[in-house]
1. Which peptide among 80-87, 48-55 comes first, and what is the full order, when sorted by highest mean count of other Cβ atoms within 10 Å?
2. Going by the alpha-carbon gyration tensor, a ≥ b ≥ c the square roots of its eigenvalues, is region 49-168 rounded (a/c under 1.5) or, if a/c is not under 1.5, prolate (a/b greater than b/c) versus oblate?
3. Name the residue, out of 152, 58, 94, whose mean-square fluctuation peaks in a Gaussian network model built on the chain with Cα pairs under 10 Å.
4. Cα atoms only: what Rg and Dmax, in Å, come out for region 117-186?
5. If you average the alpha carbon positions of region 106-170 and of region 1-38, how far apart do those two centres end up, in angstrom?
Amino acid sequence: MGNYNKILEGNTVLESERLMLRPFSLKDTKDVFLYAQDEVVTKYLTWSTHNSVEETQKTIEEFYMKKGVFAIELKAKQMCIGCIELRINEKHNKASFGYVLNRHYWNKGYMTEALQLLLDLSFTKLELNRIESTHYVGNEASGQVMKKCGMKYEGTGRQEVKIKGIYYDVVHYGILREEWIKGHLD
């Protein structure tokens, strides 16, 4: 991941009109706790709903800050409203991603805007060949974000994962660099 890490280190802040993707800091703890303690937000996540601000702080310190997860900051409020993570698979020149957003900011185009920034970084600077992700059946809004960003439906794995004791069908999406470039030339 040497070359990818160098590029990522040089692109720690990504900006759009309304958002800034940036590294996490402990100042984000209260904002993250707002969505991490919300059972509606965490329903389809692999991690459990947070019960304390201390649990959120530990997650930020031990995971978000060490794994290079981007905080999604709403510039107008200077507030962290979610996060998005790029998981690079160097061997195959591809990446996957995961994201979460405070539900008070759902259906406003913020996650689509954040994903567009991540795709732009992935295909222009990192020069990855493929970006892929999934969502669970029942969480179709996540799939809509992927579709709006040009990702294509690639299939559904029946009862593919067990999250919090429930088996979920998993919907797969992907986009190739050549498709993304073509979509930005049209």
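Each reported figure results from applying straightforward, stated rules to the coordinates on display, with no laboratory input. In this text, all values refer to a predicted model and were calculated from it rather than measured experimentally. Backbone-built Cβ (ideal geometry, glycine too); neighbour counts: all protein chains shown.
1. Working: 80-87: 21.4, 48-55: 13.8.
Per-residue Cβ counts within 10 Å, averaged per peptide and sorted highest first, yield 80-87, 48-55.
2. Rounded.
3. Result for the chain, Cα springs under 10 Å: 58 fluctuates most.
4. Rg, Dmax (Cα atoms, Å): 13.7, 45.
5. 18 Å
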